[in-house]
Amino acid sequence: MVAGRRIRFSAALAVVVLSLTGFSSGHGKHSSGGHGCSSSKSHGSSNSSDSTSTSGSSSKNKKSDAPAHATVVSCAAPGRTKAVLQVTSDLDSQRTVSVPLTFEGNAGVVDRTSVTVTLKPRETQTVTVPMVNAGKVGDVQRCQVGKIT
């Protein structure tokens with residue numbers, strides 16, 4: 001009789017543990033509070049990639065209050081005095097944003113500029129950003145996007 005009580009106690013304990021963790025037995029009861037191992041809510045962000053690569057640094061999956069994010073497609077180099085960026089809105093409304101860009105070399109900042117882009121909700125645009133001091137293009141090693149406002 002003692003073994004029977006242990007089995008019933010173990011079964012009851014398993015049911016309590018499973019119900020506390022959000023699992024159900026499939027008999028019409030479903031957890032709806034984000035408990036357990038799965039949830040139907042998505043805790044992500046936009047419909048595009050979350051990667052905000054700024055040529056040398058990455059801000060993957062970081063929450064930000066910036067209205068958009070940008071990725072460096074190509075940086076200035078000898079023979080090419082412009083950078084190409086992909087700018088994506090993180091908002092559900094149209095917004096004009098300022099995207100600062102720094103052209104950097106081994107000795108530090110070579111040139112600095114910004115571009116203004118008007119983005120529709122969740123839109124991505126490819127923009128070209130020319131250097132201000134094109135004569136310094138030979139010193140450019142990488143491009144760095146600053147805080148978008």
Candidates Val97, Val110, Val129 - the one that is in contact with a helix residue (DSSP H, G or I) (Cβ under 9 Å, 6 or more places away or on another chain) and part of a strand (DSSP E or B): Val110
Given the conditions (1) at pLDDT 85 or above; (2) on the phi > 0 side of the Ramachandran plot, report the number of the one that Asn61 does not fulfil. (1)
Looking at the stretch 99-129, which of its residues are within 21 Å of Val140 (Cβ to Cβ) and either in contact (Cβ under 8 Å) with a residue 40 or more places away in the chain or hydroxyl-bearing (Ser, Thr, Tyr) (or both)? Val99, Pro100, Leu101, Thr102, Phe103, Glu104, Thr113, Ser114, Thr126, Val127, Thr128, Val129
Boolean, Ser74 is loosely packed, with under 15 Cβ neighbours inside 10 Å and either among the charged types (D, E, K, R) or at pLDDT below 95 (or both): no
I'd like to verify a number: residues in the stretch 76-98 that are within 19 Å of Gln141 (Cα to Cα) and in contact with a Leu (Cβ under 9 Å, 6 or more places away or on another chain), how many? 2
Picking from Val137, Val87, which residue would you name as being crowded, with 18+ Cβ neighbours inside 10 Å, assigned to a strand (DSSP E or B), of a type in the set (Val, Ile, Thr) and in contact (Cβ under 8 Å) with a residue 60 or more places away in the chain? Val87
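The values are calculated or read from the model by the stated rules, or taken from the named source; none is laboratory data. Everything numeric here is computed off the predicted structure, so don't read it as measured data. Methodologically, a virtual Cβ is constructed for each residue, glycine included, from the backbone with ideal geometry; neighbour enumeration extends over all protein chains shown.
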